1. Would a scan of the range 30-49 turn up a residue that is acidic (Asp, Glu) and more than 20 Å from the chain's Cα centre (by Cα)?
2. Out of the residues in the range 224-261 that are hydroxyl-bearing (Ser, Thr, Tyr) and either under 16 Å from the mean Cα position of the chain (by Cα) or in a loop (DSSP other than H, G, I, E, B) (or both), which is surrounded by the fewest Cβ atoms within 10 Å (Cβ to Cβ)?
3. Could you list, in sequence order, the residues of the range 185-201 that are surrounded by fewer than 20 Cβ atoms within 10 Å (Cβ to Cβ) and either assigned to a helix (DSSP H, G or I) or under 18 Å from the mean Cα position of the chain (by Cα) (or both)?
4. Restricting the search to the range 28-43, which residues are of a type in the set (Gly, Ala, Ser) and within 13 Å of Gly14 (Cα to Cα)?
5. If you check every pair at least six apart or on different chains, which have Cβ atoms under 9 Å apart with a residue in the range 39-68 that is without any contact (Cβ under 8 Å) to a residue 60 or more places away in the chain first and a residue that is surrounded by fewer than 17 Cβ atoms within 10 Å (Cβ to Cβ) and aliphatic (A, V, I, L, M) second?
6. Of all residues in the range 34-46, count the ones that are assigned to a loop (DSSP other than H, G, I, E, B) and farther than 10 Å from Arg16 by Cα.
7. State the number of residues belonging to the range 132-146 that are more than 17 Å from Tyr179 (Cα to Cα) and among the small types (Gly, Ala, Ser).
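The values are calculated or read from the model by the stated rules, or taken from the named source; none is laboratory data. Keep in mind that what you see is a predicted model, and the values were worked out from it rather than measured. Every residue, glycine as well, gets a Cβ built from its backbone with ideal geometry; the counts of neighbours run over all protein chains shown.
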Amino acid sequence: MTKLSGNVAVVTGGARGLGRAAAHRLGMLGAHIVILDINLRAASQYGEELSAETIAGDLRSRGISCSEIQVDLTKKAETDEAFSNITNELGRVDILVNVAGGLTTSGAGQAAEISAEDMRVNMDLNLMTTVHCCQAAAPIMRSLGGGAIVNVSSASAIWTYPDGKYAGYAVAKAALNHYTRHLAAELGPNNIRVNSIAPGLFLTSRVVALSKSRGIGGAAELASIPLRRHGTLEDFAGVVEFLATDLSSYVTGECIPVCGGSLLTGGPQARAS
């Protein structure tokens, strides 16, 4: 497919999981993919199989044009350098998909107890990585006359957990949603669309590996989802395709929950009751 032929799509956190799925889908649509990740061999941590040592080699083996840069996106200077290298080599950035982030033990604390340091870690990981990339990409997209930015939030940014846990992660993702709205209002006149995706529980390799210790992915949880199944990588990639292409040419500033309807039934509250 050549829907995105000639486009350069930057995918952060693209070395495994949801990021890898987004990179694969956009690459299959003809875009040249640039993977930005702090660990380009992250897939092997949770048993994902690659046909090469890193994700770029794996995608190239599937006929996708791809390059990769190892970078710590919590550091603005490193992020700016990465985008400078991309434009020097490829001349453009048409699509930015910000997947980098995630729920770590530092973000699992309750709202009244989470430490200032843990809150800062989560804001850096789940908000500032995206802010840094958006700020680096915006002037490039302005010079091209348009572009599409897709930020990955979480359903945790919309619902709350009964005991206030996961506060650091949820608050950072909620901030990400509002940042997306502000950026969309600013960049709309430049024909740059900015939207976010709020995934529910997707059984990625990392989630599966940690599901038992976190008490997630069980039968009670599944029963609370109206579609009665967990999300797949293809479910996620399909929404990325929608937001990254002209299918959503008149959509900006939106947050799309991709959760099988979990928000309709109260999310985690339903599982706790």
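1. yes
2. Across the range 224-261, the extreme among qualifying residues is Tyr250.
3. First, pick out the residues of the range 185-201 that are surrounded by fewer than 20 Cβ atoms within 10 Å (Cβ to Cβ): 185-186, 188-191.
Ala185, Glu186, Gly188, Pro189, Asn190, listed by residue number.
4. Applying the first criterion (of a type in the set (Gly, Ala, Ser)) to the range 28-43 yields 30-31, 42-43.
Within the range 28-43, Ala42, Ala43 qualify.
5. Note: pairs meeting the criteria are Asp58/Ala52; Leu59/Ala52; Arg60/Ala52; Ser61/Ala52; Ser67/Leu90.
6. Residues flagged as assigned to a loop (DSSP other than H, G, I, E, B) and farther than 10 Å from Arg16 by Cα within the range 34-46 amount to 1.
7. Going through the range 132-146 one residue at a time, the tally reaches 3.
Listed here are the residues, each with its yes/no results for (1) among the charged types (D, E, K, R); (2) in contact with a strand residue (DSSP E or B) (Cβ under 6 Å, 6 or more places away or on another chain).
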{"residue": "Gly91", "(1), (2)": "no, no"}
{"residue": "Asp94", "(1), (2)": "yes, yes"}
{"residue": "Asn98", "(1), (2)": "no, yes"}
{"residue": "Gly101", "(1), (2)": "no, no"}
{"residue": "Glu113", "(1), (2)": "yes, no"}
{"residue": "Leu127", "(1), (2)": "no, no"}
{"residue": "Val131", "(1), (2)": "no, no"}
{"residue": "Arg142", "(1), (2)": "yes, no"}
